[in-house]
1. Collect the residues in region 141-195 that are touching a strand residue (DSSP E or B) at 6+ places or on another chain (Cβ under 8 Å) and of a type in the set (S, T, N, Q), keeping them in residue-number order.
2. Collect the residues in region 374-388 that are surrounded by fewer than 22 Cβ atoms within 10 Å (Cβ to Cβ) and not small (Gly, Ala, Ser), keeping them in residue-number order.
3. Quick one: is residue 257 within 22 Å of residue 381 (Cα to Cα), out of contact with any strand residue (DSSP E or B) (no Cβ under 8 Å at 6 or more places or on another chain), among the aliphatic types (A, V, I, L, M) and in contact (Cβ under 8 Å) with a residue 24 or more places away in the chain?
4. Answer yes or no: is there a residue in region 206-218 that is under 30 Å from residue 396 (Cβ atoms), of a type in the set (D, E, K, R), in contact (Cβ under 8 Å) with a residue 12 or more places away in the chain and assigned to a helix (DSSP H, G or I).
5. Which one is farthest from residue 138 (Cα to Cα), of the residues in region 181-230 that are out of contact with any Gly (no Cβ under 9 Å at 6 or more places or on another chain), open to solvent by 10 Å² or more (accessible area, probe 1.4 Å) and of a type in the set (Val, Ile, Thr)?
6. Residues that are open to solvent by less than 10 Å² (accessible area, probe 1.4 Å): which helices (runs of 4 or more DSSP H) entirely in region 266-331 hold 2 or more of them?
7. Consider residue 338 carefully, then state whether it is surrounded by fewer than 22 Cβ atoms within 10 Å (Cβ to Cβ) and either closer than 30 Å to residue 282 by Cβ or without any contact (Cβ under 8 Å) to a residue 60 or more places away in the chain (or both).
8. Residue 250 is checked against (1) under 21 Å from residue 407 (Cα atoms); (2) open to solvent by less than 50 Å² (accessible area, probe 1.4 Å) and fails just one. What number does that condition carry?
Amino acid sequence: MSDNKPTCPVSHITLPGDGTPMKPSPSFTAWRAEASATPLTYQDGHEGLIATGYEFARSVLSDPRFSMRPERLPMGPVGDLVSDKDVPNAALPAELPGDLDDDAQISERSNLLILDGDEHSKLRRLVTPRFSLKQARSRREWISNMVSEQLALFLAKEQPADIWMNYGLPIAARTHCHVIGVPDSHLETFIRLFEGSSTAQEKYDFIREVLELRRENPGEDVISDLLASDDITRHETEGLLRLLLGAGRDSVAYLIATTSVALLTNPAQLSRLISNPELIDSAVEEFMRFGAMFITLFPRTALEDVELEGVLVKAGQSVSVSSVAANRDPARWENPDAFDVTRDGFGHLGFSYGIHGCIGQQVARIEISEAIRQLILGCDGLRLLHAEQLTPMPFAHPVAVYEAGAVMVEWER
């Protein structure tokens with residue numbers, strides 16, 4: 001394979017900071033028009049690629065010749081997003097500094113997002129049954145009732161109220177804890193530690209406490225399944241729960257908030273769903289496609305030379321897939337910048353793709369569907385006053401994701 005095979009632009013770039021969930025940076029369109037992947041600079045000085053073409057992106061995410069290691073972070077518009085010391089744990093949000101005890105240091109190695117092959121498959125198989133389509137559907141009644149409770153609390157608030165903080169986040173947190181197995185008595189502590197500022201050690205202390213509670217009182221949840229399994233060690237259990245408790249929740253809350261903004265700024269689409277609420281379940285795919293959160297997913301690194309669509313990714317070179325850009329590829333989606341709730345949006349990369357695709361995506365679909373359904377049908381005259389996300393905001397995570405921001409609304413009493 002020739003070393004001069006790739007035809008990417010010569011100049012290396014950093015991630016653009018001029019985009020929003022509704023209007024991603026025009027740089028992505030320009031790069032994609034030139035090639036499916038464009039040279040990208042990473043914080044450690046590594047020169048990798050960003051994938052903006054849909055088919056190229058899917059290939060990277062599903063090809064076993066790409067590894068989740070080493071963990072690298074793309075360079076953003078204002079320089080480093082996190083300090084160099086945070087790079088080894090880039091798969092998790094930035095935390096308050098603090099030392100880990102010896103057990104926690106061992107447990108850190110069981111992070112699904114930095115494992116490949118058999119190591120990854122072993123741990124993933126232990127938790128996927130609780131996130132299956134059948135299991136998700138069995139929880140729909142519970143999710144629907146919980147959303148109704150949150151909507152009642154939301155409507156009781158003084159106007160204007162924030163959909164992100166007062167509606168999306170509570171729904172996501174309560175569902176997260178319910179499926180994973182965090183008792184209701186520990187919900188507030190979970191929110192404080194995993195949505196607020198805390199050290200990694202504080203999170204491990206919380207995980208150990210919850211494990212003891214579930215050991216004495218098992219239920220129909222992920223933690224109980226892990227405790228009952230002979231195929232996972234204590235350290236693997238703690239490390240896996242550290243990832244599961246910290247991942248996915250904000251993505252659901254973000255989609256609830258961002259979809260609300262999309263609907264309230266596209267009144268014809270909102271009216272269509274109000275008139276035809278049976279469309280909402282399928283429209284979730286368009287919600288995910290149009291309002292994708294991940295400007296880049298966690299980078300993949302080529303284990304050997306890999307040629308895709310005429311682009312050579314050399315061994316050791318990393319590729320950051322942009323689900324935001326791939327989800328608006330005109331080669332895959334007709335009129336991709338239009339928000340259309342009747343579109344067949346299935347196949348989007350909002351939940352990633354391949355072996356590292358979102359474990360909780362079936363549950364997430366039901367959460368988003370129920371949250372949007374009850375919000376638009378239960379709030380007469382709902383109107384948007386202000387949404388921070390309509391103007392560019394700093395990235396919300398070291399790998400570069402959009403921030404939901406405050407979504408301030410009012411309605412008729």
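1. Within region 141-195, just 159 meets the criteria.
2. 374, 376, 377, 379, 380, 382, 383, 384, 385, 386, 388
3. no
4. yes
5. Out of the qualifying residues, it is 189.
6. 280-290, 323-326
7. When the stated conditions are applied, residue 338 passes them.
8. That leaves (2) as the condition not met.
The values are calculated or read from the model by the stated rules, or taken from the named source; none is laboratory data. Just so it is clear, the model here is predicted, and its values are computed rather than measured. All Cβ positions, even for glycine, are placed from backbone atoms using ideal geometry, and neighbour counts span all protein chains on display. Just the protein is used for accessible areas: all its heavy atoms, side chains included, with ligands, DNA and RNA removed. Shrake-Rupley method; radii C 1.70, N 1.55, O 1.52, S 1.80 Å.
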